[in-house]
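The values are calculated or read from the model by the stated rules, or taken from the named source; none is laboratory data. Here the structure is a predicted model, which is why all the values come from computation and not from measurement. Here the Cβ is made from the backbone with ideal geometry for all residues, glycine too, and neighbour counts use every protein chain on show. Areas reflect the complete protein model, heavy atoms only, side chains present, ligands, DNA and RNA absent. Shrake-Rupley method; radii C 1.70, N 1.55, O 1.52, S 1.80 Å.
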Amino acid sequence: MSAPSPILLDCGTGYAKIFNLEDSTRAIVPARRFIKKLSEYDIKASTGHNLSSGAGVRVNELVALAEGSLSMVDEPDFTVLDCGARDVKYVQIRNRRVAGMDWNTECGAFAGQVVELLTRYLDIEPENLPSDAPRIPVVCGVLGMTSMFDMISKGKSHEEALAGFLRGVAFNCETLVGRPDRLYLSGGLCDNKAFVSAFTRETIPLGRFVLIEGLRKIYSEKII
Amino acid sequence: MQERVENGALIFDLDEPLAGRPVKDIYLPNAYCSILKRVVSNIFSLREDGGLDLVIATVGKCKCDGMRNIASWLERTTDIPILKVENDNAKGAGFPISRSGLPLLKKMELIVNSVFAPLPDGLTLEECAPKCGFWGVPPYDFGILELFPDETHIFGWTRCMENKTPADIEMECEVASGVPTVFFTQSFCQKSAFAYNLAREHGGLYVEVDKMMSHSTRAKIEAFLEFNLGWRGKR
Ligand code: SF4
């Protein structure tokens, strides 16, 4: 049996993001599948919800987000929002230092899972969503979906209802981060064009490996 | 009441967990304060055993509208004897526990227990400079308090409680300026309006928890303490 591969790991609710320290490759695998193959890996440092033991040095998700975004964005001041499967968190950088942060923790309103489930369930291409759909207030994921299906039952198209729902989630995200002119986005929802275009400000996706970049920086500088 | 106590009656703090009496979530709407769910569950549980003579319900500005509404509901629809009381005492007794360097969990236990019992003999309370602040009511899940350094001062309603002035809104809104503070509220509590806006005003962290703290809530508080104090917890 070959020696376990040394990796850095961001193990979220839905997916594990992996950086292989031997060959510098990256991979994304479903978290449930990754957890079954734990013995194949030598985890040097980790972040994320889904592993609490045997996971090398643990780094707080917001710390990894801050470090990762600082290594990917050159601006002195910026805000980065991480939209994960389960919750949403952000850090605000001023003069290249963390000046603010928050984490939507209690309610599923923002959860990437809901957005992913809905877009898959309704099987709608992002290009087909209307750009002028009114925003649905999304108090939480379930109440938001109730309003969405209410709209459909009153005769609105599925596309319009979904666009309104995504707007509602994006609006909540913008409220959480304090409505900066430009917003950097991290996490699985970066790949969801419909979601990215639901924001009302310049929104720049950084991809799914921002926390991994943070871990790489922290690991290479041995600041853990 | 004094007479009842002298005759052997026991007093329970219904806000607190009672041994062997798990909270039954069946008396109030789902989206409701978990402390009040526990209060009501404790009331019915004690009554089932025939061990309940009187409920003393604080219903004034010293508590919240939730308890006033619950007390009225119980009065109207059950035979549970309810005594509605208001505590508008304005004479402060001091708050040395809130400003001491004891572990935050210990401070909270002492304050909560001081409602019915005097402070333990020989307890010395030395004031420390605050590194951090915890604002709010006593949480349902005391585990949250273990995340903080010992030099965390208590603010908000819990400090008012120690001061024996639970209706003192001015004091409830006081925090130490420049000290990183976590503004804690139970989910569905009316005081969340305070917590939310005080956190914005003072650049603190708003934290809302329903029952037990989630992984995300824990990580959020840990990150706040790490960014502000370089504190990575008691390891
Ligand atoms: S947490 Fe808030 S709503 Fe619940 S009992 Fe205390 S003051 Fe009332």
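The table below lists the values:
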read-out: Of all accessible heavy-atom area on chain B, the percent that carbon and sulfur account for (1.4 Å); value: 50
read-out: Gyration tensor (alpha-carbon) shape descriptor, the protein assembly as shown, a/c threshold 1.5; value: prolate
read-out: DSSP bridge pairs, chain B: antiparallel proportion in percent, nearest 5; value: 10
read-out: The stretch B:2-85 - Kirkwood radius from inverse mean 1/r over Cα pairs (Å); value: 13.4
read-out: Accessible area of the stretch A:91-224 divided out per residue, in Å², using a probe of 1.4 angstrom; value: 49
read-out: Rough spin-label spacing in nm, given labels placed 7 Å along Cα→Cβ, for B:LEU123 and A:ARG201; value: 4.7
read-out: Inter-label distance for B:ASP79 and B:ASP25, nm, one decimal - labels placed 7 Å from Cα along Cα-to-Cβ; value: 3.2
read-out: Whole-number D in µm²/s for the stretch A:74-208 (Stokes-Einstein; Kirkwood sum over Cα pairs; 20 °C, 1.002 mPa s); value: 143
read-out: Å³ per residue enclosed by the Cα convex hull of the stretch A:1-97; value: 98
read-out: By average C-beta atoms within 10 angstrom, highest first, the peptides B:42-55, A:191-204; value: A:191-204, B:42-55
read-out: Mean Cα-pair separation over length for the stretch A:4-125, i.e. relative contact order, pairs under 8 Å, 6 or more apart, %; value: 17
read-out: Surface/4 of the Cα convex hull for the stretch B:84-235, nm²; value: 9.5
read-out: Fraction of accessible area attributable to carbon and sulfur, the stretch A:72-224 (%, probe 1.4 Å); value: 49
read-out: The protein assembly as shown: antiparallel DSSP beta bridges as a percent of all, rounded to 5; value: 45
read-out: A:PHE209 long-range amide H proximity, modeled H, under 5 Å; value: A:GLY187
read-out: Chain B, relative contact order [Cα under 8 Å, separation at least 6], %; value: 17
read-out: Area of B:LEU14 that stays accessible when all protein chains are in place (1.4 Å probe, Å², to 10); value: 30
read-out: Accessible surface buried upon B-A contact (total; probe 1.4 Å; Å², nearest 100); value: 1400
read-out: Average accessible area per residue (Å²) across the stretch A:5-58 - probe 1.4 Å, nucleic acids and ligands excluded; value: 49
read-out: Inverse of mean 1/r across different Cα pairs in the stretch A:5-58, Kirkwood, Å; value: 10.7
read-out: Two-site label geometry, A:SER24 and B:HIS215: point separation in nm, points 7 Å out along Cα→Cβ; value: 3.1
read-out: Peptide ranges A:94-105, B:83-94 listed from the most packed, as the mean C-beta count within 10 angstrom indicates; value: A:94-105, B:83-94
read-out: Förster radius 22 Å - calculated FRET efficiency between B:ASN89 and B:ALA9 (Cβ-Cβ, nearest 0.05); value: 0.40
